[in-house]
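Structure, as structure tokens:
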Amino acid sequence: MIESAMLEIKNVTKRFGGIVALKDVSFKLEEGSFVGLIGPNGSGKTTAFNIISGAFPPSDGNVLFNGKVISGMNPNHICRQGIARTFQIPKPIKSLTVAENIMLGAIFGSQQSVRKYDAQRTREEALQWLDFVGLKLHPDSHPDRMTAGALRKLELARALATRPKILLADEVLSGLNKDELNEASGILKKAREELGITIIWVEHIMHVLMKLVERVIVLNFGMLIADGDPMSISKDERVIEAYLGRD
């Protein structure tokens, strides 16, 4: 059991009318960890992300960040606390340039409360994040004609520009080819190793996720059914039956 956790999900339940999307889910994450969150479609993974990031509050239970209850806070306040997320379907603002999209992350991230906003400095930061994720596009281009792989990188760059302590990465490999899979997963690895960011990663491409994460949390029908290292999870009968399959 983790004694001192950066993030704690404490007996969280989420109901949507008569549907229970999460049921009494609890787990803790220590600083610097790289954790996979897996389970079948509809198991509650994105609901967990939505609650952690403030998209909606839990019906019961709490989310604590560095010992402080954050459940019920607005998403912008949680972002400023140091928790950023990506989305299953990338959501760039198409009327803005690539650089401007990333600048938004820097403007509204956790660092802006302690320094005066400067447009030139923020643009320079955006260009640095473009380079960090390996997005080789002109910064003044627009995202309306970007490939799936480029959109994933832009989504990651904007989230990282908030300078998060925790990154909630939601299916960043979805729809990518083999080379793009390696590039996107490499960005997460680099963010953890070079920036020290704690990462929770929802993903269905198991052979990639299992090679990178140190711990795997498994949800099924809104309940936590397993929590352990990748090897033990891959052999867990409950996980095999619910999600991984015999093959």
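What the table below lists for this structure:
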quantity	calculated
Pairs with Cβ under 6 Å, 6+ apart, first in the range 9-35 and farther than 17 Å from LEU219 by Cα, second among the hydroxyl-bearing types (Ser, Thr, Tyr) and assigned to a strand (DSSP E or B)	GLU31/THR198; GLY32/THR198; SER33/THR198
The range 49-88, residues that are under 20 Å from MET223 (Cα atoms) and assigned to a strand (DSSP E or B)	ASP60, GLY61, ASN62, VAL63, LEU64
Residues of the range 214-233 that turn out to be surrounded by fewer than 19 Cβ atoms within 10 Å (Cβ to Cβ) and under 16 Å from ALA21 (Cβ atoms), as a count	3
Single residue of the range 152-183 satisfying the filter (among the hydrophobic types (A, V, I, L, M, F, W, C), in contact with a Gly (Cβ under 9 Å, 6 or more places away or on another chain) and closer than 21 Å to LYS94 by Cβ) that is modelled with the lowest pLDDT	LEU176
Flag if GLU100 is surrounded by 14 or more Cβ atoms within 10 Å (Cβ to Cβ), free of Cβ contacts under 8 Å to residues at least 60 places away in the same chain and either of a type in the set (A, V, I, L, M, F, W, C) or not in a strand (DSSP E or B) (or both)	yes
The range 204-224 residues that are on the phi < 0 side of the Ramachandran plot, paired with ones that are surrounded by fewer than 16 Cβ atoms within 10 Å (Cβ to Cβ) and assigned to a strand (DSSP E or B) (beta carbon under 8 Å, 6 or more apart)	ARG215/GLY228; VAL216/GLY228; MET223/ASP24; LEU224/SER26
Residues of the range 180-213 satisfying the condition of being within 25 Å of LEU22 (Cα to Cα) and crowded, with 19+ Cβ neighbours inside 10 Å	THR198, ILE199, ILE200, TRP201, VAL202, GLU203, LEU209, VAL213
Qualifying residue in the range 19-29 (condition: within 28 Å of GLY186 (Cβ to Cβ), part of a loop (DSSP other than H, G, I, E, B) and within 15 Å of the chain's Cα centre (by Cα))	no
Positions within the range 36-70 being free of Cβ contacts under 8 Å to residues at least 12 places away in the same chain and under 12 Å from the mean Cα position of the chain (by Cα), in sequence order	ASN50
Residue check for LYS153: part of a helix (DSSP H, G or I), surrounded by fewer than 18 Cβ atoms within 10 Å (Cβ to Cβ) and among the basic types (Lys, Arg)	no
Scan of the range 159-179 for residues that are in a helix (DSSP H, G or I) and either surrounded by 18 or more Cβ atoms within 10 Å (Cβ to Cβ) or touching a Pro at 6+ places or on another chain (Cβ under 6 Å) (or both), ordered by number	ALA159, LEU160
Top-ranked residue in the range 118-146 [being in a loop (DSSP other than H, G, I, E, B) and of a type in the set (A, V, I, L, M); ranked as surrounded by the fewest Cβ atoms within 10 Å (Cβ to Cβ)]	LEU137
Within the range 131-150, considering residues that are modelled with pLDDT of 95 or more and hydrophobic (A, V, I, L, M, F, W, C), the one farthest from ALA184 (Cα to Cα)	PHE132
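The values are calculated or read from the model by the stated rules, or taken from the named source; none is laboratory data. Just so you know, these numbers come straight off a predicted model, no measurement behind them. Because the Cβ atoms are built from the backbone with ideal geometry, glycine has one as well, and the counts that use them run over all protein chains shown.
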